[in-house]
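Enquirer: A single structure is presented below for examination.
Nothing in this text is a laboratory measurement; each read-out follows from the coordinates by a stated rule. A quick note: this is a predicted structure, and the numbers were derived from the prediction, not measured. As a convention, Cβ positions derive from the backbone with ideal geometry for all residues, glycine included, and neighbour counts pool all protein chains shown.
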Amino acid sequence: MKLNFLSTRTGIILVGAIIGVLAPILQKLGNPPNMGICVACFERDMAGALGLHRAAVVQYMRPEIIGFVLGAFLSALLFREFKPRSGSAPIVRFILGIFAMIGALVFLGCPWRALLRLAGGDGNALVGLAGLGVGIWIGTLFFKSGYNLGRSQKTYFSVGLIMPLIMFGFLLLMLLNPFIPGQAKSGVLFYSLKGPGAMHAPLLISLGVGLLIGVLAQKSRFCTMGAFRDLILFKQTHLFSGVVALLIAAFITNVILGQFHPGFVHQPVAHSMSLWNFAGMVLAGLAFALAGGCPGRQLFLAGEGDGDAGVFVLGMIVGAAFAHNFGLASSPKGIGPHGALAVIIGLIVCLFIGFSMRKQA
Amino acid sequence: MSNTIDTRGLSCPQPVLLMLQAIEKGQNNEFLVLVDTETAKENVIRAATSKGWQASIVESKENESTILLKKE
């Protein structure tokens, strides 16, 4: 049997720790506070860069996300793990992506950022992580009662190329329409001049870190949702040890870099409406669980040829556009005018999916 | 063969879930598990060995592997 070091206990801890160190460093190099890496926030910024929403403070084509997919793609090709597959209820995965994003933007962060916020001292992240755990726990109840989106099918090599090609296209767009200081638009792309979207590490560093994490995460199967799910469903701590490593490494790195500021109020790019921090992450956690991966993992799966994970990613990008066009996303002032309603609708939709898509044994 | 668990095409956590449900029924001491991703292969082997089963790859084609699980 071939040994895959990164999928051992030591391997997953190492990968978690590397992400935990790199994310605060990206923050130091320019990324937004407690947001060295946030898959949800960064996909939202990409939706903004493309003009799918016009929230001027969150528009930037994030090279980290591009790197995640392309890194996973290269790793999968190199290790002969590139497996083009699709067809496991893609439309359901698209809807789950939309509501996962809406839930994450009510809390203001994906599970990665929830950990990074906690590692930066933001106490509200504890509430979000509790919500995430509850959402995933609800998902495990559906798994136990037969929830299953069906089998994917092997397909053409080129089907697996679609998502990496989309990301490569985004990279080309960015290189052809580079940021011009003081200008909110360069060619077809939008660029934030203030707010989180205006805060970013240098392009090549962001891309390089993204590629590295893409390779490591593809080989180690790092997944924050899976960490909680496997703990609850199987009492397995394998993936969870990677998450703990990320948290500890990010905390230590933040302390060293002077980025640790404990408290609940005036935390960067965060609000302290606990009920909605909790409920938003219940929705996100449930949607991630039903779709089989956290937003980061969906990017890595998309890179290794999983078309359904790619559809989930596109759902998240579209969900981000809805979230900002319809006043669903939160801001440091609190939840958006229609955020609460969107979370409730999202939970109803996820419950409908969970209850109605069960195979009876 | 009734002792074969086909997890091909299923996303996480289905492969491990189906395998654990099968071995917990306790009716057989031997199972074959069909997997079609490296992730599913690693996860099934990790979960089965943690339950005290022995796992070995009996067949490996380009895209698929067959894992033999044996209870001591």
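Enquirer: Just in region A:150-200: which chymotrypsin sites (Phe, Trp or Tyr not before Pro) are loop by DSSP and have at most 12 other Cβ atoms within 10 Å?
Expert: Details: sites: A:Tyr156, A:Phe157, A:Phe168, A:Phe170, A:Phe179, A:Phe190, A:Tyr191; in loops: A:Tyr156, A:Phe179, A:Tyr191.
Answer by residue number: A:Tyr156.
Enquirer: What shape does region B:4-71 take by its C-alpha gyration tensor, where a ≥ b ≥ c are the square roots of the eigenvalues and a/c under 1.5 counts as rounded, a/b above b/c as prolate, and the rest as oblate? Spell out each step's value before the answer.
Expert: Working: a/c = 1.68, a/b = 1.36, b/c = 1.24.
Prolate shape, in that a/c is at least 1.5 and a/b is the bigger ratio.
Enquirer: Right, here's the next one. Within a Cβ distance under 12 Å of B:Leu68, other residues only, what is the Lys/Arg minus Asp/Glu net charge?
Expert: Details: positive: B:Lys70, B:Lys71; negative: B:Glu30, B:Glu59.
Local net charge: 0.
Enquirer: Would you kindly derive the ³J(HN,Hα) couplings of region A:293-307 from the backbone phi angles with the Karplus curve 6.51 cos²θ - 1.76 cosθ + 1.60 (θ = phi - 60°), listing them in order in whole Hz, with x for Gly and Pro?
Expert: x, 6, x, x, 4, 4, 5, 5, 5, 4, x, 8, x, 7, x
Enquirer: If you don't mind, another one. No solvent, one uniform scatterer per C-alpha: report log10 I(q)/I(0) for chain A via the Debye equation at q = 0.09, 0.13, 0.15 1/Å, two decimals.
Expert: -0.43, -0.95, -1.33
Enquirer: Averaged over B:31-44, how many beta carbons belonging to a partner chain fall within 10 Å of each residue's beta carbon? Write out the running numbers ahead of the final one.
Expert: Values: counts 0, 0, 0, 0, 0, 5, 9, 12, 12, 0, 3, 7, 8, 0.
That works out to 4 on average.
Enquirer: If you filter region A:301-361 for trypsin sites (Lys or Arg not before Pro), then keep DSSP loop positions with at most 10 other Cβ within 10 Å, what is left?
Expert: Passing sites in region A:301-361 are A:Lys333, A:Lys359.
Enquirer: Quick query: amide H of A:Ser186 versus all other amide H atoms, modeled in the peptide plane; which residues come in under 5 Å with a sequence gap of 5 or more or a different chain?
Expert: Answer set, sorted by chain and number: A:Tyr191.
Enquirer: Right, next: With a ≥ b ≥ c taken as the square roots of the eigenvalues of the C-alpha gyration tensor of region A:222-280, please select rounded if a/c is under 1.5 and otherwise prolate if a/b is larger than b/c or oblate if it is not?
Expert: Numbers: a/c = 3.59, a/b = 1.34, b/c = 2.69.
Cα axes put region A:222-280 in the oblate bin.
Enquirer: What is the extension gain from B:Ser50 to B:Lys71, computed as 0.36 nm multiplied by their sequence separation minus the C-alpha to C-alpha distance, in nm to one decimal? Please list the in-between numbers first.
Expert: Values: separation 21, 0.36 × 21 = 7.56 nm, distance 1.18 nm.
Length gained, B:Ser50 through B:Lys71: 6.4 nm.
Enquirer: Would you mind calculating the gained length between A:Leu257 and A:Leu203 on full extension (0.36 nm times residue separation, minus the Cα-Cα distance), in nm to one decimal? Mind dumping the intermediate values first?
Expert: On the way: separation 54, 0.36 × 54 = 19.44 nm, distance 2.12 nm.
Additional length available on full extension: 17.3 nm.
Enquirer: Write out the trypsin sites (Lys or Arg not before Pro) in chain B meeting two conditions: DSSP loop, and at most 15 other Cβ atoms within 10 Å of their Cβ.
Expert: For trypsin sites (Lys or Arg not before Pro) across chain B that sit outside H, G, I, E and B with at most 15 neighbouring Cβ atoms in 10 Å, the list reads B:Lys25, B:Lys51, B:Lys61.
Enquirer: If I model a spin label as a point 7 Å beyond the Cα along the Cα-Cβ vector, how far apart are those points for A:Leu173 and A:Ser158 in nm?
Expert: 2.2
Enquirer: Related question: Most exposed first by the Cβ proxy, i.e. fewest other Cβ within 10 Å, how do A:His238, A:His53 rank?
Expert: Numbers: A:His238 23, A:His53 20.
Least crowded to most crowded, the residues run A:His53, A:His238.
Enquirer: Shifting gears a bit: Which value at 222 nm does chain A reach when only helices count, each DSSP H run of 4 or more adding -39,500 (n - 2.57), with the total divided by all residues and rounded to the nearest 500 deg cm²/dmol? Numbers along the way, then the final one.
Expert: On the way: 14 runs with 228 residues, N = 361.
Calculated at 222 nm, the ellipticity per residue is -21000 deg cm²/dmol.
Enquirer: Go through B:Lys51/B:Lys71; A:Lys144/B:Lys71; A:Lys359/B:Lys51; A:Lys235/A:Lys359; A:Lys28/A:Lys185 and tell me which ones have a Cα-Cα distance over 18 Å in this structure. Numbers along the way, then the final one.
Expert: Working: B:Lys51/B:Lys71 9 Å; A:Lys144/B:Lys71 24 Å; A:Lys359/B:Lys51 26 Å; A:Lys235/A:Lys359 24 Å; A:Lys28/A:Lys185 26 Å.
Over 18 Å apart, Cα to Cα: A:Lys144/B:Lys71; A:Lys359/B:Lys51; A:Lys235/A:Lys359; A:Lys28/A:Lys185.
Enquirer: Put a dot 7 Å past each Cα toward the Cβ at A:Phe352 and A:Val244; how far apart are the dots in nm?
Expert: In this crude spin-label approximation the distance works out to 4.0 nm.
Enquirer: Just name one of B:Val58, B:Ser11, B:Ile45: the one whose Cα is farthest towards the positive end of the charge dipole of region B:4-71 (beta-carbon charges, Lys/Arg +1, Asp/Glu -1).
Expert: So the residue we want is B:Ile45.
Enquirer: Work out the mean other chain Cβ neighbour count within 10 Å for the residues of A:345-358 and drop it here as an integer.
Expert: On the way: counts 0, 0, 0, 0, 0, 0, 0, 0, 0, 0, 0, 0, 0, 0.
Whole-number average of other-chain Cβ neighbours for A:345-358 is 0.
Enquirer: Okay, next question. Could you tell me whether region A:168-253 comes out rounded, prolate or oblate from its Cα gyration tensor? Rule is a ≥ b ≥ c as square roots of the eigenvalues, rounded for a/c under 1.5, then prolate if a/b exceeds b/c, otherwise oblate. Before the final figure, lay out the partial values.
Expert: Details: a/c = 2.89, a/b = 2.38, b/c = 1.22.
Here region A:168-253 falls in the prolate category.
Enquirer: Using the Cα centre of region B:4-71 as the reference point, and only Cβ charges (+1 on K/R, -1 on D/E), how large is the resulting charge dipole? Debye, rounded to the nearest 20. Kindly include the intermediate steps, with their values, before the conclusion.
Expert: Working: 8 positive and 9 negative charges, 63 e Å.
Dipole about the Cα centre, nearest 20: 300 debye.
Enquirer: Now, a different point. Which value, in debye to the nearest 20, gives the size of the charge dipole of the protein assembly as shown about its Cα centre, when Lys and Arg are +1 and Asp and Glu are -1 at the Cβ? Don't jump to the answer; show the numbers that get you there.
Expert: On the way: 33 positive and 19 negative charges, 50 e Å.
In total the dipole reaches around 240 debye.
Enquirer: Specify the inter-centroid distance of region B:29-72 and region A:110-167, based on alpha-carbon positions, in whole Å.
Expert: 25
Enquirer: Further question on the same structure: Placing unit charges on C-beta atoms (Lys and Arg positive, Asp and Glu negative, everything else neutral), compute the dipole magnitude of region A:1-130 about its Cα centre in debye, rounded to 20.
Expert: The dipole magnitude comes to about 300 debye.
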